[in-house]
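Here's the structure, in structure tokens; my notes come after.
The values are calculated or read from the model by the stated rules, or taken from the named source; none is laboratory data. Because the structure is a prediction, the values reported are computed rather than measured. Don't worry about glycine lacking a Cβ; one is built from the backbone with ideal geometry, like all the others, and counts go over all protein chains shown.
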Amino acid sequence: MSNGRPIPVRDGDSTPFWNGVDQHELRIQQCQACAAYVFYPRSICPHCFSDQLIWNVSSGRGRIYSYTVVHRSFGPFEQEAPFVVAIVELEEGVRMMTRIVGPASQVKVDAPVRVTYERVDDDLTLPYFQLEETR
Amino acid sequence: MKSERIAAIVGVAESDLGSTPGKTVLQLQAQAAKAALEEAGFAREEVDAVFTAGNWGWSPTMMLAEYLGIQPKYTDGTNIGGSSFEAHVGHAAAGIANGLFDVALITYGSTQRSDRSRNRIPPAVTLTEQFERPYGLPTPVGAYALAATRHMHQYGTTREQLAEIAVATRKWAALNEKAMMRDLITIDDVLSARPIAEPLHLLDCCLVTDGGGAVVVASAAAARRARTKPVWILGHGETHTHHSITNMPDLTVTGARESGRQAMEMAGVRHEELDVVEIYDSFTITVLLTLESLGFCGPGEGGAFVSSQRTAPGGDFPMNTNGGGLSYCHPGMYGIFLLIEAARQLRGECGPRQVPEAKLALVNGTGGVLSSTATVVLGRD
């Protein structure tokens with residue numbers, strides 16, 4: 001049962017991604033026409049407008065593009081503060097929002113990170129990232 | 001200036017601001033609309049185009065027009081967040097230039113403070129929002145914090161430099177009797193305020209208020225009948241670059257680079273010709289990024305640009321002269337209030353906060369999470 005945390009509604013674009021997360025696999029799309037990687041998942045390539053997209057498994061490694069330490073939050077997140085939300089740029093070149101686990105004081109822009117899987121409640125696992133140095 | 005004088009703002013008004021318990025969004029808009037039309041000297045029957053943006057109904061323009069007793073021949077409910085009203089001014093000017101209508105009424109109203117409607121967390125998230133919402137980033141502040149962190153990393157921008165904006169804006173608010181927060185603050189006050197989403201602290205963030213506003217745009221022919229001095233729409237531009245913050249192409253550059261260029265080229269004005277600028281200040285970082293994107297300074301130079309209280313009363317860059325979203329009011333989508341203040345400055349009605357000899361103003365709205373921008377250049381005869 002959810003703790004009131006917003007649950008992603010799996011759809012024709014997102015189901016393969018969330019199914020991958022459930023299996024601890026970070027799946028991102030790649031365009032067959034222009035070879036660009038694409039995230040979030042969609043039915044058309046935002047770079048070249050091709051509809052030939054295939055699923056790949058990401059290395060799960062990347063760097064922090066930016067982050068914030070959240071001190072004031074709301075609803076189901078209120079009790080979790082402070083926590084670190086970041087945009088991570090994966091090696092494949094795409095960016096995704098995530099949380100950074102571990103001590104906030106060590107989080108820096110450009111720090112290398114690696115995916116980890118956090119079971120946030122019975123119904124939902126999310127891809128979080130951890131600093132490479134803290135592993 | 002090269003642009004023709006085709007359309008002008010001829011009436012502006014606020015509704016009650018601050019905390020308006022018991023009032024509805026329709027009441028606030030009706031109050032502002034009536035006042036703006038009265039100021040212009042126009043009858044309600046002369047309004048033939050209706051523009052609004054909101055999320056209080058499935059068709060805000062239809063609900064509002066029905067409430068006001070208007071059957072428009074042109075309607076536009078474009079909602080790109082807080083910059084919607086700058087976009088509406090551009091759309092109104094375009095419609096007037098094409099002879100589609102003569103008098104457009106643009107309104108906005110919000111009761112978000114009384115409703116306590118900010119930050120409700122939805123139980124499920126659909127479509128592209130499902131890739132952000134589950135991580136708990138408070139919006140919009142968290143998104144702007146991500147931009148601030150990146151700008152600091154890339155350029156060495158400091159919290160003190162962001163604080164300069166909050167301190168200067170409060171000085172303008174102290175000169176505006178309608179402003180909600182009028183007590184002067186210091187850089188240290190901003191730095192030591194409680195953190196919300198680092199690096200943004202409480203005084204880096206806009207207010208949460210109720211309020212409404214209205215702007216009447218008229219064709220040149222209709223403007224000649226108005227009681228007010230026309231505030232000409234000399235140039236306008238708009239764009240949006242993304243919807244969710246993760247997909248902002250560069251966290252340090254806003255769409256104002258494009259919308260500002262469009263508006264200034266159309267108006268045929270240079271930066272140094274502008275007398276007053278009204279820039280959406282949802283957060284201190286919004287202003288800093290916008291100044292750079294508009295080209296008032298180079299990338300990364302925003303921190304130095306706003307230092308030493310340059311944007312404060314008496315400084316050489318008068319900005320956000322009503323006290324801004326940071327200190328005057330901020331009912332959710334603030335953009336209409338930028339237009340109201342710019343029009344009053346160009347009409348010379350601002351009393352203690354009047355920028356002397358203000359002839360040319362630039363207004364830049366920002367909406368969503370740095371997602372949309374719309375820029376308008378205004379000038380008086």
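Can residue B:38 be described as farther than 14 Å from residue B:211 by Cβ and not polar (S, T, N, Q)?
Taking the combined requirement at face value, the residue satisfies it.
For segment B:182-205, which positions are surrounded by 17 or more Cβ atoms within 10 Å (Cβ to Cβ), closer than 22 Å to residue B:341 by Cβ and more than 18 Å from the chain's Cα centre (by Cα)?
B:182, B:185, B:203
Taking into account only those residues within segment B:294-332 that are of a type in the set (S, T, N, Q) and out of contact with any strand residue (DSSP E or B) (no Cβ under 7 Å at 6 or more places or on another chain), which is nearest to residue B:147 (Cα to Cα)?
B:307
Can you name every residue in segment B:198-226 that is without any contact (Cβ under 8 Å) to a residue 60 or more places away in the chain and under 30 Å from residue A:104 (Cα atoms)?
If the condition is that a residue be without any contact (Cβ under 8 Å) to a residue 60 or more places away in the chain and under 30 Å from residue A:104 (Cα atoms), then B:198, B:199, B:201, B:202 are the ones that fit.
Among the residues of segment A:89-104 satisfying the criterion of being surrounded by fewer than 19 Cβ atoms within 10 Å (Cβ to Cβ) and within 11 Å of chain B (Cβ to nearest Cβ), which is modelled with the highest pLDDT?
So the residue we want is A:89.
Which count do you get for residues in segment B:162-216 that are part of a helix (DSSP H, G or I) and of a type outside the set (Asp, Glu)?
18
Inside segment A:107-131, can you point out the residues that are modelled with pLDDT under 95 and more than 10 Å from chain B (Cβ to nearest Cβ)?
Of everything in segment A:107-131, those that are modelled with pLDDT under 95 and more than 10 Å from chain B (Cβ to nearest Cβ) turn out to be A:121, A:122, A:123.
Just to be sure, is residue A:55 without any contact (Cβ under 8 Å) to a residue 60 or more places away in the chain, in contact with a strand residue (DSSP E or B) (Cβ under 9 Å, 6 or more places away or on another chain), more than 14 Å from chain B (Cβ to nearest Cβ) and not in a loop (DSSP other than H, G, I, E, B)?
Yes, satisfied.
For segment B:9-43, enumerate the residues that are under 21 Å from the mean Cα position of the chain (by Cα) and at positive phi.
Passing the criteria: only B:18.
Under 6 Å by Cβ, and 6 or more places apart or on different chains, what pairs join a residue from segment B:67-90 that is without any contact (Cβ under 8 Å) to a residue 60 or more places away in the chain with one that is among the polar types (S, T, N, Q)?
Once the first residue is without any contact (Cβ under 8 Å) to a residue 60 or more places away in the chain and sits in segment B:67-90, its partners that are among the polar types (S, T, N, Q) give B:75/B:61; B:77/B:61; B:78/B:84.
Can you run down the residue pairs with Cβ atoms below 7 Å, 6 or more apart or on separate chains, where the first is in segment B:357-381 and farther than 14 Å from residue B:270 by Cα and the partner is at pLDDT below 95?
Qualifying pairs under 7 Å: B:369/B:139.
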